[in-house]
Structure formats: C-alpha cells, structure tokens
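The numbers here are math on the coordinates, done by the rules we state, and not lab data. Quick caveat, the model's predicted, so the values are computed rather than measured. Virtual Cβ from ideal backbone geometry, glycine too; neighbours counted across all protein chains shown.
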Amino acid sequence: MSGFSNISSAARAFSTAAAPSPKKSKWRSTPPFSLRLTVEERKRLDELAGNQPLGSYIRGRLLGEQTEKRRKIKKPAPDTALLALVLGEFGRSRLASNINQLAKAANIGTLDVTPETESAIVQACAEIQAIRVLLITALGVAPVEDE
C-alpha cells in the first residue's frame with residue numbers, strides 16, 4: 001500500500017505536509033500612519049518643515065530626540081519646474097556653441113561684422129539676460145542692479 005501502518009499516522013503525515021512552512025522573518029517597516037489635515041494646516045506644516053521631508057519633520061516634533069536617525073533626504077526645490085524650463089532653454093538656444101564660434105572667429109580675425117552678425121550677437125545677449133532672470137527667480141536670489 002502506501003507505507004503507513006494506520007490511518008492516524010497517515011493523518012499526522014498529511015497534517016505535517018499540509019501545514020504552512022514557517023515564514024522567514026523579513027524586516028519590514030511599520031505600517032504608515034495617516035492623518036487628514038486641512039489645506040491651511042498642510043501649508044503651515046510644509047512651511048515649518050522647510051527643506052526637510054514632512055514625515056521627518058513631524059516625527060522629530062512629536063518624538064524629539066527619541067527618534068531613530070534616518071538618512072536625510074532634502075525635498076526638491078519648490079521651483080524645480082522653473083529650473084527645468086531654464087535648462088531646456090539652454091539646450092534649445094545653442095548659446096554656448098554660437099558664442100564659442102563667435103569668440104573663435106574674433107580671436108583669429110575672421111569675424112565679419114555684418115548686420116546678421118550684429119543681430120545674432122544682440123539676440124544671444126537678450127537670451128542670456130532672459131535666462132539670467134529665470135535663474136535669479138528660480139533660485140530666489142536678489143538681482144544685482146549694476147551688472
């Protein structure tokens with residue numbers, strides 16, 4: 001037959017085989033805690049947290065020095081979209097390449113100042129000034145008037 005001497009030994013063998021295997025203990029973080037805030041409360045917490053992630057700020061305020069040290073992650077700057085726009089404009093404008101070509105031609109004495117050349121230089125200067133304004137706005141820096 002099957003090698004079992006009686007029904008009870010077969011039942012024990014079946015129960016042992018069918019029992020779930022003990023799970024390996026995996027370290028898991030504790031489940032998150034959710035809290036509903038009004039729009040005004042959330043804005044205030046975001047302002048108070050500054051560049052610190054909101055969860056870290058709240059944990060620090062609630063538990064003080066009893067909190068475990070976690071790796072620090074800075075929140076992205078609030079004007080990330082504006083900085084991305086600036087970088088995109090740099091890529092599309094080809095300013096570096098054009099200015100390098102003008103400087104090279106000027107250094108070897110082959111730069112003919114035609115109305116087209118003068119127009120290109122004026123346009124490049126205007127684009128550089130526009131990008132400067134965008135960067136100053138994105139970074140929150142006060143512009144220097146005498147530049």
Cα-Cα pairs of the stretch 78-127 separated by more than 14 Å (percent): 60
Calculated FRET value between I136 and L62, using beta carbons and R₀ = 41 Å, to 0.05: 0.60
